[in-house]
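Okay, so here's the structure we're looking at.
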Amino acid sequence: MDGTGNPWYTADVGFEDGKIVKIGSLAYVDAERVIDASGLVVAPGFIDVHNHSDLVLLVSPRMDSVVRQGVTTVVIGNCGLSPAVTSEAKSILWIRLREADLALNQGWSSYKEYLSILEKQRFSVNVVHFVGFGTIRIATKGFEGTPPTEEEMRKMKRLVAEGMENGAFGLSTGLSYEPQSYSETKELVELCKVVSKYGGIYMTHVRVTPKTNLAEAVKEAIEIGEEAGVPVEISHLRTGDDAILGMIEEARLKGVDVTFDLYPYRYSAAWPGKLSYFLPEWVREGGFSAMLEKLEDQRLREKVIQEITNRAKVPLLTIKAVYEEAGTDGQHIRNPTRVEEADFQELWRRTAQDTVIAYCPKNTSFEGKTLSEIAGAMEVDPREAILRLLIQEGEEVLVRRMDVSPEDLHKAFRNGVSMVGSDGFGFDPNQTLKRRRLHPRNVGCFPRVLEEIVREEEVLSVEEAVRKMTSLPAQRFGLKKRGLLKEGMWADITIFDPERIGDRGTLTGTLDPPIGIEYVLVNGEVTWEKEGHTGALAGRILRAHVD
């Protein structure tokens with residue numbers, strides 16, 4: 001399967017010095033090594049378009065959990081969180097970006113230095129990098145909620161330009177998170193105009209807040225792309241909403257290049273991600289210490305609890321269920337602020353039932369349990385349980401939520417401009433992981449697409465699924481020599497058993513590796529073979545307009 005989406009065909013693939021040199025019959029060739037792939041699918045290496053291994057690459061370079069999914073290239077710097085551009089931001093983002101409680105000693109004071117450190121570090125996958133808007137705003141304004149001054153805007157533009165000049169593929173945002181949520185659309189347009197000059201991309205975790213719904217957030221992303229003249233990639237957009245998918249199609253017909261990515265799970269770890277994101281923005285403003293002071297103020301607790309109830313970012317499935325039970329047509333499901341107070345109470349009850357604690361370092365017995373179950377154990381309301389957990393545990397409590405139906409997930413995968421991004425990170429299985437209960441997307445995202453979306457549900461053909469994981473993202477990011485099995489291309493190759501491939505991770509955090517990935521080659525070097533890492537570290541840092 002060459003990655004184009006065309007039907008499979010039988011052929012040999014010959015590669016030398018890291019590149020494919022011949023596709024056809026090679027029975028007459030004497031090779032240093034021959035891999036017998038009879039009965040298997042030979043495909044381009046998968047490209048994870050939304051990965052968070054920015055710091056993991058420095059301490060877990062084998063990236064076992066990524067490679068064993070068939071992934072040969074990762075895109076990092078997502079959701080506005082990149083470890084560079086400057087040292088001012090690094091100290092603040094260090095804790096937020098670390099995965100598996102990593103301890104790092106390397107330092108850098110610029111985007112160029114960060115990339116230099118990465119290039120000296122050998123690792124198993126290719127790396128595409130983005131500049132994070134959150135990092136830039138923190139380096140310029142800290143966590144202040146005010147618009148940038150003219151001088152601050154000039155500094156942010158300089159930092160974006162520095163990243164682009166050093167090979168970044170574009171700018172990423174995470175507009176649901178502070179301090180990025182404080183930004184105005186015009187601020188992002190101005191920064192994206194800089195990205196446009198370098199031919200880059202705007203990658204965005206859109207602005208879904210109590211004041212904006214998903215449709216409004218997608219509309220803003222499209223407006224930014226149109227006004228700034230940049231392609232737009234919308235991160236982890238797991239929706240089958242006809243209005244939203246129609247907006248994307250309409251934008252493309254107008255000449256705005258919009259695509260999106262998603263992962264094949266109904267449970268999310270993106271919002272709230274951290275338990276603290278259930279709280280209203282005014283409580284979280286100023287960082288965790290300031291937030292803790294407010295939570296311990298008994299005069300504010302009732303107000304906080306009420307605003308938790310009224311948070312408009314609630315699971316779509318839950319809202320639909322309320323309207324179905326009420327016998328209405330659900331016409332307001334994209335405008336949750338119009339839901340009656342009684343419905344909000346019901347929505348919150350169901351939200352608590354659909355929210356699972358993924359990481360709770362002090363009360364580990366709570367991991368894998370729902371908010372409703374934990375509240376029952378505490379003998380308090382789930383909203384009060386949130387406050388108690390945050391006071392006891394700190395801000396590192398992680399959660400997952402069920403927020404998409406199978407039908408909507410399937411519709412999103414069928415869309416011609418959707419591709420696959422795990423929203424996960426890499427790790428080595430031999431490394432001690434203090435952060436347990438990881439989302440299964442970290443270990444089985446790509447095999448799950450081929451197992452569930454292709455083989456079991458028959459939503460996509462295997463050729464189309466491979467296209468969404470290979471040539472489509474390569475085209476999107478301008479990777480000229482990757483994403484296809486074609487003579488002259490880099491030999492990033494994944495060989496899998498289509499009848500056996502599957503995800504064995506679970507929502508309760510089991511990290512069992514996927515099955516059915518037989519071989520993975522990165523730049524021509526066998527990196528994964530028969531369920532084992534070979535130790536090869538053949539990945540490269542890729543630079544925009546060069547690789």
Does ASP30 meet the test of being at pLDDT 95 or above and among the charged types (D, E, K, R)? no
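Has segment 374-384 got at least one residue that is in a strand (DSSP E or B) and in contact (Cβ under 8 Å) with a residue 12 or more places away in the chain? Steps first, answer last, please.
Initial filter on segment 374-384 (in a strand (DSSP E or B)): none.
No: segment 374-384 contains no residue that is in a strand (DSSP E or B) and in contact (Cβ under 8 Å) with a residue 12 or more places away in the chain.
Considering only segment 244-255, I want to know if a residue exists there that is of a type in the set (A, V, I, L, M, F, W, C), farther than 16 Å from VAL417 by Cβ and assigned to a helix (DSSP H, G or I).
Keep residues of segment 244-255 that are of a type in the set (A, V, I, L, M, F, W, C), which gives 244-245, 247-248, 251, 253.
Applying the additional criterion that residues be farther than 16 Å from VAL417 by Cβ yields none.
The answer is no; no qualifying residue exists.
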What pairs can you find where one residue is in segment 490-505 and without any contact (Cβ under 8 Å) to a residue 40 or more places away in the chain, the other is in a strand (DSSP E or B), and their Cβ atoms are less than 8 Å apart, with a gap of 6+ or different chains? ARG500/ILE515
Segment 275-306, residues that are within 16 Å of ARG400 (Cα to Cα) and either buried (at least 20 other Cβ atoms within 10 Å of the Cβ) or free of Cβ contacts under 8 Å to residues at least 24 places away in the same chain (or both): LEU275, SER276, PHE278, LEU279
For segment 528-547: of the residues being touching a residue at least 40 places away in the same chain (Cβ under 8 Å) and in a strand (DSSP E or B), which is surrounded by the most Cβ atoms within 10 Å (Cβ to Cβ)? TRP528
Kindly provide the set of residues from segment 475-510 that are buried (at least 24 other Cβ atoms within 10 Å of the Cβ) and in a helix (DSSP H, G or I), ordered by number. PHE477
Among the candidates GLY421, GLY394, GLY416, residue that is touching a His at 6+ places or on another chain (Cβ under 6 Å) and either modelled with pLDDT of 90 or more or surrounded by fewer than 18 Cβ atoms within 10 Å (Cβ to Cβ) (or both): GLY421
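Looking at the structure I just gave you, is ARG400 crowded, with 19+ Cβ neighbours inside 10 Å, basic (Lys, Arg) and part of a strand (DSSP E or B)?
Working: crowded, with 19+ Cβ neighbours inside 10 Å: yes; basic (Lys, Arg): yes; part of a strand (DSSP E or B): yes.
For ARG400, the condition - crowded, with 19+ Cβ neighbours inside 10 Å, basic (Lys, Arg) and part of a strand (DSSP E or B) - is met.
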Looking only at segment 1-39, which residues are closer than 30 Å to ASP261 by Cβ and either surrounded by 19 or more Cβ atoms within 10 Å (Cβ to Cβ) or free of Cβ contacts under 8 Å to residues at least 12 places away in the same chain (or both)? MET1, ASP2, GLY3, TYR9, VAL13, PHE15, ILE20
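Against the condition within 24 Å of LEU159 (Cα to Cα) and modelled with pLDDT of 95 or more, how does VAL49 come out, does it pass?
Details: within 24 Å of LEU159 (Cα to Cα): yes; modelled with pLDDT of 95 or more: yes.
Answer is yes for this residue.
Name the one entry in ASP503, ASP492 that is in contact with a Pro (Cβ under 8 Å, 6 or more places away or on another chain), farther than 30 Å from TYR359 by Cα and among the charged types (D, E, K, R). If you could, list the steps in order and put the result at the bottom.
On the way: ASP503 fails: farther than 30 Å from TYR359 by Cα.
Residue meeting the stated conditions: ASP492.
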Over segment 173-217, the set of residues of a type in the set (A, V, I, L, M, F, W, C), out of contact with any Pro (no Cβ under 8 Å at 6 or more places or on another chain) and at pLDDT 95 or above is LEU188, VAL189, LEU191, CYS192, VAL194, VAL195, MET203
Consider VAL42 carefully, then state whether it is touching an Asp or Glu at 6+ places or on another chain (Cβ under 6 Å), among the aliphatic types (A, V, I, L, M) and modelled with pLDDT of 95 or more. no
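The values are calculated or read from the model by the stated rules, or taken from the named source; none is laboratory data. All of these numbers come straight from a predicted model, not from anything done at the bench. Glycine also receives a Cβ, built like all others from the backbone with ideal geometry; neighbour counts cover every protein chain displayed.
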